[in-house]
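Peer 1: Input: one structure, supplied below.
Derivation of every value follows stated rules applied to the coordinates shown; laboratory data play no part. Computed from a prediction, not measured in an experiment: that's the story for all the values here. A quick note on method: Cβ atoms are made from the backbone with ideal geometry, for glycine too, and the neighbour counts reach across all protein chains shown.
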Amino acid sequence: MKLRSLAIPVAAFALVVAACSTQGGGGEATATAPLPEFTVGLTYIPDIQFAPFYVAAELGYFEEEGLDVTLRHHGASESLFGALSAGEEDVVNAGADEMLQAYAAGVPVVTFGVMYQEYPVVLIVPEESGIQDLADLAGHSVGLPGPYGENWFGLLAMMAEAGLTEEDVAVEYIGYTQQAALIGGSVDSVVGFSNNDVLNFARNGVAVRTLTAGDLPLVGISVGALEGTIGTRAEDLAALNRALARAMTLIRDDPQAAVDASFDYIPELTGANQHEAALETLTATMALYGDDPLAVDAALWPPMYEFMTARGLADPGIDPSHAVTTDLIP
């Protein structure tokens, strides 16, 4: 088993010695130029949900595209876009809505590929709950980590579709304790992810149902880079997208092979049960990819920005079309 640090070097510089010249009785050995470097920021701890990056690294897809990629997982207390702004990362994997929020706040991060074509945030209720649709949430409590990120964005969008306001619902900030809070009855519902939290309830034998809005005005997990990087390294970013799209295609065709390729990148991925759980999570995750890996529909950005500004999630006064590009998709 290959051990890797949290900042995972994917392809080291390769200095390949060329044939020596014989002119003039000798000559100096030359070497090929090093591959262009990229550091990609992945949120939170290593997890099978990041499999496209692990697969592209392990199977050499990045290197075959002429890139030297380092995968870097953020610390638990680290700012989502701090390392990107500081130049410590070149690419970040985050929600396109989170990137739009950052763009409006002065961080010029631009989405250049959408990994989740389906938004993963859902409302989770016990199977026997009387909450049958989103409107039934009125007068009930809902738990989520806090008033930030995609859980919060998704909840506001679901309440908006149901015609509810924050005054109609008892919103509880419970950290990442959705399971304990719902099982213990301290809240009537929780907000979580369809490819993670819902599966964890099932693994613990807890029967739940999910509800969501019919058409959430949000765009989920994507890849982004600063405007300056988009402008100066467009070819490299397009190559990164090609490698990720290839990995996502392999995941859809052979998820078990993708889990195997991700093994060295996830320290907790040991034992048959963990492999089975990872395969289940990856299968649920790839259902979010859609039919066209990394496709970007720029027409979604203006209504997303309108929704976010109306609810105080993003600062007004920008052109949201500048926060997305379709030029780099495979």
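Peer 1: Using mean Cβ contacts within 10 Å as the protection proxy, how do 209-216, 119-126 order, highest first?
Peer 2: Those peptides, ordered most packed to least, come out 119-126, 209-216.
Peer 1: How big is the C-alpha Rg of segment 121-211 next to the rule-of-thumb value 2.2 N^0.38 Å, as a ratio?
Peer 2: 0.96
Peer 1: Return the distance in nm (one decimal) between the two label points of a simple spin-label model at GLU78 and ASP260, each offset 7 Å from Cα along Cα→Cβ.
Peer 2: Spacing of the two 7 Å Cα→Cβ label points: 3.1 nm.
Peer 1: Around ALA247, under 12 Å between beta carbons, what's the net of Lys plus Arg minus Asp minus Glu among the other residues?
Peer 2: Details: positive: ARG242, ARG246, ARG252; negative: GLU58, GLU64, GLU65, ASP253, ASP254.
Combined, the nearby Lys, Arg, Asp and Glu give -2.
Peer 1: Kindly work out what percent of the DSSP beta bridges joining two residues of the chain are antiparallel, to the nearest 5.
Peer 2: Among the beta bridges of the chain, antiparallel pairing accounts for roughly 60 percent.
Peer 1: While we're here: Modelled label-to-label distance, LEU279 and ARG311, 7 Å Cα→beta-carbon offset: nm?
Peer 2: 3.7
Peer 1: Could you tell me the distance between the Cα centroids of segment 63-115 and segment 201-280, to the nearest Å?
Peer 2: Using only Cα atoms to place each centre, the spacing works out to 15 Å.
Peer 1: Could you calculate the FRET efficiency of ASP292 with ALA135 from 1/(1 + (r/R0)^6), where r is the beta carbon distance between them and R0 is 51 Å, rounded to 0.05?
Peer 2: 0.90
Peer 1: Once the piece of chain linking TYR173 and SER85 is laid out straight, how much longer is it, given 0.36 nm per residue of separation minus the C-alpha distance between them?
Peer 2: 28.8 nm
Peer 1: Return the loop-located GluC sites (Glu not before Pro) in segment 210-289 (DSSP other than H, G, I, E, B) with at most 13 other Cβ atoms within 10 Å of their own Cβ; answer none if there are none.
Peer 2: Details: sites: GLU227, GLU235, GLU268, GLU276, GLU280; in loops: GLU268.
Here the sparse-neighbourhood loop sites are GLU268.
Peer 1: Working out 0.36 nm times the residue gap between THR326 and ASN204, then minus their Cα-Cα distance, what length gain in nm do you get to one decimal?
Peer 2: Taking THR326 through ASN204 to full extension adds about 39.8 nm, to one decimal.
Peer 1: Given points 7 Å out from each Cα along the Cα-Cβ axis, report the THR232 to ALA272 separation in nanometres with one decimal.
Peer 2: Going by the 7 Å Cα→Cβ label model, 5.3 nm.
Peer 1: What are the principal axis extents of the Cα atoms in the chain, in Å, biggest first?
Peer 2: 89, 51, 35
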